[in-house]
Amino acid sequence: MKLTHAILSLLALTTCFVSAHAAADKREPLTLLRTTYLPDVVGDFDHFAVDVKRNHLFVAAEIHKSIEMFDLRTGEHLRSIGGFKTPHSIAFAPSKDELMICDGGDSSLVLISGEDFHRLDRIQLVDGSATGKGDSPDAAYFDSENRLYYIGNGGVSANLPDSVISIFSVDENKLIGSIAIPGNNVESMVADKAHNRLYVNIRDKKQIGVVDLNARKVIDTWTTPELSGNTALTMDKESQHIFVAGRKPGLFYVFDSTGKVVSKQDCVNINDDMTWDPILKRVYVSGTQGLSIFHQDDPNTYTAIANIPTNGGKTSYYVPQVHRFFVIHPKTDVDIAALLVYRVNP
């Protein structure tokens with residue numbers, strides 16, 4: 001009887017511990033599942049892409065001159081794909097089974113096979129080699145629904161006074177137009193099909209450019225007195241609110257559809273990526289100081305719910321199909337380069 005009572009007490013205690021641990025875990029928006037170390041990869045990383053069908057996650061290793069590939073579900077490092085000069089933004093086009101790489105050092109868009117990664121094509125973009133600088137293109141946005149890749153190039157990285165956004169059609173396998181941008185530093189952008197708009201950070205002007213995609217021209221610019229180093233950008237397409245993160249200091253802004261700032265909060269500095277999750281109503285901002293996470297209480301109201309250290313990982317990516325959030329960080333004084341794999345908790 002005494003033994004049975006002791007066993008029941010132990011089971012009850014264990015159940016309470018598990019329940020408490022599960023409750024604590026549930027309160028955290030992310031749970032770190034794995035750290036995949038990359039001892040052979042040196043230098044900074046840039047942006048991600050994903051091939052969901054094959055469970056492949058890709059990230060540009062710009063200094064290492066490679067695309068690093070991981071298992072999407074486990075985070076295991078699978079291979080390093082070389083042959084690039086300075087890869088920056090990348091995107092995967094399922095309709096053509098192609099990985100599209102914006103190679104700044106080559107002033108080009110490079111297309112490789114999603115099956116065996118051999119080179120399919122090279123599309124020449126704004127060439128900065130004649131000016132002695134060629135690290136363009138950099139930022140880009142893939143409109144997967146219309147299969148159009150908007151590629152920011154030219155500007156200061158090509159030693160030119162202004163920038164262009166080149167428009168690459170996946171279906172036609174060619175450039176089909178361009179948009180002149182009055183600024184020399186194009187950063188993150190996002191397209192809104194409902195209103196045929198493209199929003200783009202023009203960092204040197206401290207502005208958000210509003211582009212009419214029918215006319216292919218900038219029709220308005222937004223700013224606010226405190227905006228500086230605006231880099232990361234995305235939007236809530238349902239409410240037509242634009243999310244922008246600035247640097248020095250790190251500040252998170254929400255603009256409504258008229259260009260009015262409706263919210264401003266501190267966030268991580270030297271940010272490079274931002275993700276909007278319309279299901280859980282969360283905004284993730286990644287920077288060298290960590291990962292800032294905000295909850296949208298309503299389109300004009302946001303609550304900071306977490307600030308997670310990431311060892312200097314400023315680029316990130318969310319894959320809702322597998323409920324995984326990824327951050328990658330370069331080698332630092334305290335750690336080697338690594339991919340951080342998180343589970344997204346409801």
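Amide H to amide H, with H built 1.01 Å from N, THR310 comes under 5 Å of GLY290, LEU291, counting only residues 5 or more places away or on other chains.
I'd like to know which of LEU339, GLN296, ILE219 lies farthest towards the positive end of the charge dipole of the chain, counting +1 on Cβ of Lys and Arg and -1 on Cβ of Asp and Glu. Positive-most Cα among the choices belongs to GLN296.
Cross-link partners of LYS96 among aspartates and glutamates, defined as those whose alpha carbon lies under 18 angstrom from its own and excluding same-chain residues fewer than eight positions apart: ASP51, GLU115, ASP116, ASP121, ASP143, GLU145, ASP171, GLU172. The charge dipole of the chain, taken about its Cα centre with unit charges on the Cβ of Lys, Arg, Asp and Glu (plus for the first two, minus for the last two), comes to roughly 600 debye. In this Cβ point-charge picture (+1 for Lys and Arg, -1 for Asp and Glu), region 149-263 has a dipole of about 220 debye about its Cα centre. Contact order for the chain, expressed relative to its length and based on alpha carbon pairs under 8 Å spaced 6+ residues apart, stands at 12 percent. Across region 159-167, coupling constants 3J(HN,Hα) worked out from phi with the 6.51/-1.76/1.60 Karplus curve, θ = phi - 60°, read 6, 10, x, 9, 10, 9, 10, 7, 10 Hz, and Gly and Pro carry x.
The residues neighbouring PHE58, those whose beta-carbon lies less than 10 Å from its own, together hold a net charge of -2 under the Lys/Arg +1, Asp/Glu -1 convention. Summing Cβ point charges (Lys, Arg +1; Asp, Glu -1) relative to the Cα centre of region 61-141 gives a dipole of roughly 120 debye. Each of the GluC sites (Glu not before Pro) that DSSP puts in a loop and that has at most 10 other Cβ atoms within 10 Å breaks the chain; the longest unbroken stretch is 1-114. Placing a label point 7 Å from the Cα of ARG34 along the Cα-to-Cβ direction, the residues of region 47-72 with a backbone N closer than 14 Å are 55-58, 69-72. Neighbours of PRO320, meaning other residues whose beta-carbon lies under 14 angstrom from its beta-carbon, give a summed charge of +4 when Lys and Arg score +1 and Asp and Glu score -1. For region 328-343, backbone phi angles converted through the Karplus equation (6.51, -1.76, 1.60; θ = phi - 60°) give residue-by-residue couplings of 10, 10, x, 4, 10, 5, 10, 7, 7, 4, 7, 9, 9, 10, 10, 8 Hz, Gly and Pro being listed as x. Counting only DSSP H runs of at least 4 residues, each contributing -39500 (n - 2.57), and dividing by the residue count of the chain, the helix-based mean residue ellipticity at 222 nm comes to -2500 deg cm²/dmol.
Among LEU38, SER108, TYR141, whose Cα sits farthest toward the positive end of the charge dipole of the chain (+1 at Cβ of Lys/Arg, -1 at Cβ of Asp/Glu, about the Cα centre)? The residue sitting most towards the positive pole is LEU38. Find out how many positive minus negative residues lie around LEU38, taking Lys and Arg as positive, Asp and Glu as negative, among other residues whose Cβ is under 10 Å from that of LEU38. Here the count lands on -1.
Sorting the segments 177-183, 228-234, 33-39 by their residues' average number of neighbouring beta-carbon atoms within 10 angstrom, most packed first, yields 228-234, 177-183, 33-39. Distance from the alpha carbon centroid of region 327-342 to that of region 63-130 works out to 21 angstrom.
No lab work stands behind these numbers, since they all come straight from the coordinates. Since this is a predicted model, take the numbers as computed values, not measurements. For neighbour counting, all protein chains shown are included, and Cβ atoms are generated from backbone atoms with ideal geometry for every residue, glycine included.
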